[in-house]
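What follows is one structure encoded as structure tokens, with my remarks underneath.
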Amino acid sequence: MKNEILFDEAEQVNVTNEGIQSISVLAESQVDLEEQIEEKENEMKVLKEKHRRISQDLLPEALIAAGVSEFKLKDGTKVSTLTYYSARITPDTRETAFDWLRENNFADLIKNTVSVSFGRDEDDAALTLLNELDGKGMNTAQKEWVEPMTLKAFVREQVEKGTDLPLDTFNVYIGQKSKITKVK
């Protein structure tokens, strides 16, 4: 049974030589494109790392070493530095970070979601209060978190105010990065 492909035990489909060749060409094209995409993604990673190195390390360091915070190029392009903040709460620091926020009157930054899983035809049960659900033994889950951008803005605000913020608890990184403003 030449040129037959078994798709299902009960059903066989005849495939012509032209059909097989078309499938082969398309499959090879897909594989080739996947390889090209992977290569370009790797090139993009390298370019992004080079850009990060220049914008966050080399150029700010050069401006600082020259004793300037801003520089204009011949074409009017402005090169300057600005401070950026990075912060995150990791699983290891989560409890300590939340405790600090609560103890220092910043508990409103913490989002708190309680969710309950119900089976079919349990719509009425879904309308009861949370403590009633716990009493009935239903599956409840709670998630607490601080939005990443909210945390970043909070950290920047507190650092700039001079608040004694536990930087390690919030995994804070403060750095310089360059900003290039081209003339229009």
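The values are calculated or read from the model by the stated rules, or taken from the named source; none is laboratory data. Being a predicted model, the structure only gives us computed values, none of them experimental. For accessibility, only protein heavy atoms count, side chains too; no ligands or nucleic acids. Shrake-Rupley method; radii C 1.70, N 1.55, O 1.52, S 1.80 Å.
A few notes on this one:
Here is a yes/no grid of residues against (1) open to solvent by 60 Å² or more (accessible area, probe 1.4 Å); (2) at pLDDT 95 or above:
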| site | (1), (2) |
| --- | --- |
| Lys78 | yes, yes |
| Thr96 | yes, yes |
| Asp99 | yes, yes |
| Lys111 | yes, no |
| Asp121 | yes, no |
| Asn131 | yes, no |
| Ala141 | no, no |
| Met149 | yes, yes |
| Val155 | no, yes |
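- Gln21 meets the conditions (1) modelled with pLDDT of 95 or more; (2) open to solvent by 100 Å² or more (accessible area, probe 1.4 Å) in every case but one. The failed one is (1).
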